[in-house]
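J.: One structure, pasted below without further comment.
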Amino acid sequence: MRPDSLAARYLRFARTEARGRSAIYEILARHVAQSPRVLAFLDRLPPDRQQPNLLFAAMRLVAGTPASPDAFDAAIADQAEAIAGIMRTRTTQTNEPGRCAVLLPALARIEGPLALIEVGASAGLCLLPDAYGYDWGHQTLAPPERFTASAPVLACAATPNTPLPSRHPEIVWRAGLDLNPLDASKDEDVAWLEHLIWPEHHERLARLRKAIAIARSERPRVEAGDLRRDLPDLIAAAPRDATVVVFHTAVLSYVAQQHDRDAFAESMMNDPRVFWLSNESPRVFPRSAAAAGQVHDDMFLLTGNGEPLAWTGPHGQEIRWLW
Ligand SMILES: C[S@@+](CC[C@H](N)C(=O)[O-])C[C@H]1O[C@@H](n2cnc3c(N)ncnc32)[C@H](O)[C@@H]1O
């Protein structure tokens, strides 16, 4: 990407993503946008390795969180190779267990027992919705007894019409698929997941750590593969007497071509064994978004078999059921 378009990208990130969510990322992104030296550093990386989230997470992993643009420049000057090395080998794979709080109302409506398949599972933390506790404001669901002491309790503001479950779904089998599965039992993968969380988001970091502790004991299986190619084998491996639920959250925007997304959606809709749950930006499936009425660009749209169900907070912090 040309340095001037890179600058525009970092400015857009500062304005539309970081503002109000991370003061330090907003400051740093504005700084990058006007720094010829940092733009030249980014320009030497492949175009798909130049994103703000990747740069900032790599920098924090290597050099700690810079408190100011001067500290940022010092880290780039002293550790450019180490930072670039992380940016070349890692991708943005934020795994947000909080999203289970918006998936659970939809999962609870599907007749069980369930065989869960998550595409784009990262470390598989969203494959464990039956291990966590929930606090939807006017209703709570305690974690199962064996996880009481350790489970995160996921806070999510739910509108009064949201059909909230009073028990966890029965999940008899689960598996994930990811281009690059992360392993919650490996310290270097955990360190990367932790640094993908933005600096001021202390609650998210705390619940990530709790979910990782559970994943270390439960070891959800996540296989390497591409959702456009490798899903049929996983579906075939699911037990015949369970309802197969294929779901994804914050994944399909990584599939660049709309026709690939649409082909995936069609294959889900045409598979009689599968109930398909999608929790994605409304830009991913514009037709579903149009059917949901007024579009909320800063939220995700939860759909079941292509039908809009709810608008959701991107980290699972909110659910507004539609009907
Ligand atoms: C932002 S993370 C979301 C992880 C998890 N779904 C969550 O909500 O916490 C997106 C994940 O999708 C994976 N991914 C992207 N494109 C994929 C594809 N074509 N097939 C399988 N996984 C993919 C990435 O490797 C990454 O781990």
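The values are calculated or read from the model by the stated rules, or taken from the named source; none is laboratory data. It should be emphasised that the depicted structure is a prediction, and the values quoted were computed from it without experimental measurement. Cβ: placed from backbone, ideal geometry, glycine included. Neighbour counts: every protein chain shown. Calculation scope for accessible area: heavy atoms of the full protein, side chains included, ligands and nucleic acids excluded. Shrake-Rupley method; radii C 1.70, N 1.55, O 1.52, S 1.80 Å.
J.: If only one of Arg37, Arg49 is touching a Lys or Arg at 6+ places or on another chain (Cβ under 7 Å) and in contact (Cβ under 8 Å) with a residue 24 or more places away in the chain, which one is it? Steps first, answer last, please.
T.: Numbers: Arg37 fails: touching a Lys or Arg at 6+ places or on another chain (Cβ under 7 Å).
Being touching a Lys or Arg at 6+ places or on another chain (Cβ under 7 Å) and in contact (Cβ under 8 Å) with a residue 24 or more places away in the chain holds for just one of Arg37, Arg49, which is Arg49.
J.: From the list Leu252, Leu277, which residue is surrounded by 19 or more Cβ atoms within 10 Å (Cβ to Cβ), closer than 17 Å to Asn180 by Cβ and under 20 Å from the mean Cα position of the chain (by Cα)?
T.: Working: Leu277 fails: closer than 17 Å to Asn180 by Cβ.
The unique qualifying residue is Leu252.
J.: Helices (runs of 4 or more DSSP H) wholly in segment 210-323 with at least 3 residues that are modelled with pLDDT under 95 - which ones?
T.: Numbers: elements: 231-237, 258-269, 286-291.
Where helices (runs of 4 or more DSSP H) fall fully within segment 210-323 and carry at least 3 residues being modelled with pLDDT under 95, they are 286-291.
J.: Return the total of residues in segment 170-199 being in a loop (DSSP other than H, G, I, E, B) and either within 16 Å of the ligand (Cβ to nearest atom) or buried (at least 19 other Cβ atoms within 10 Å of the Cβ) (or both). Before you say what the answer is, go through the steps one by one.
T.: Step one: list which residues in segment 170-199 are in a loop (DSSP other than H, G, I, E, B), which gives 170, 179-186, 197-199.
Next, only the ones that are either within 16 Å of the ligand (Cβ to nearest atom) or buried (at least 19 other Cβ atoms within 10 Å of the Cβ) (or both) stay: 179-184, 186, 197-198.
Residues that pass the stated criteria total 9.
J.: Condition first: away from the ligand (no atom under 11 Å from the Cβ) and either within 18 Å of Leu107 (Cα to Cα) or touching a Cys at 6+ places or on another chain (Cβ under 9 Å) (or both). Now tell me which residues in segment 241-265 satisfy that.
T.: Hits for segment 241-265 are Asp241, Ala242, Thr243, Val244, Val245, Val246.
J.: Identify, please: which residue in segment 212-240 is of a type in the set (Asp, Glu) and farther than 29 Å from Ser150 by Cβ and is, among those, nearest to the ligand (Cβ to nearest atom)? Outline the logic, then answer.
T.: Narrowing segment 212-240 to residues of a type in the set (Asp, Glu): 218, 223, 226, 230, 233.
When the remaining residues are screened for being farther than 29 Å from Ser150 by Cβ, the result is 226, 230, 233.
Working: Asp226: 4, Asp230: 8, Asp233: 13 Å.
So the residue we want is Asp226.
J.: Do we have Ser68 as among the polar types (S, T, N, Q) and either in contact with a strand residue (DSSP E or B) (Cβ under 7 Å, 6 or more places away or on another chain) or open to solvent by less than 10 Å² (accessible area, probe 1.4 Å) (or both) here? Before the answer, list the steps.
T.: Values: among the polar types (S, T, N, Q): yes; either in contact with a strand residue (DSSP E or B) (Cβ under 7 Å, 6 or more places away or on another chain) or open to solvent by less than 10 Å² (accessible area, probe 1.4 Å) (or both): no.
In short, no.
J.: Restricting attention to segment 88-122, which residues are within 15 Å of the ligand (Cβ to nearest atom) and assigned to a helix (DSSP H, G or I)?
T.: Of all residues in segment 88-122, those within 15 Å of the ligand (Cβ to nearest atom) come to 89-104, 106-107, 116-122.
Listed by number, the residues that qualify are Thr89, Pro97, Gly98, Arg99, Cys100, Ala101, Val102, Leu103, Leu104, Ala106, Leu107.
J.: Of (1) of a type outside the set (Asp, Glu); (2) in contact (Cβ under 8 Å) with a residue 40 or more places away in the chain; (3) under 21 Å from Ala250 (Cβ atoms); (4) surrounded by fewer than 15 Cβ atoms within 10 Å (Cβ to Cβ), Arg44 satisfies all except one. Which?
T.: (3)
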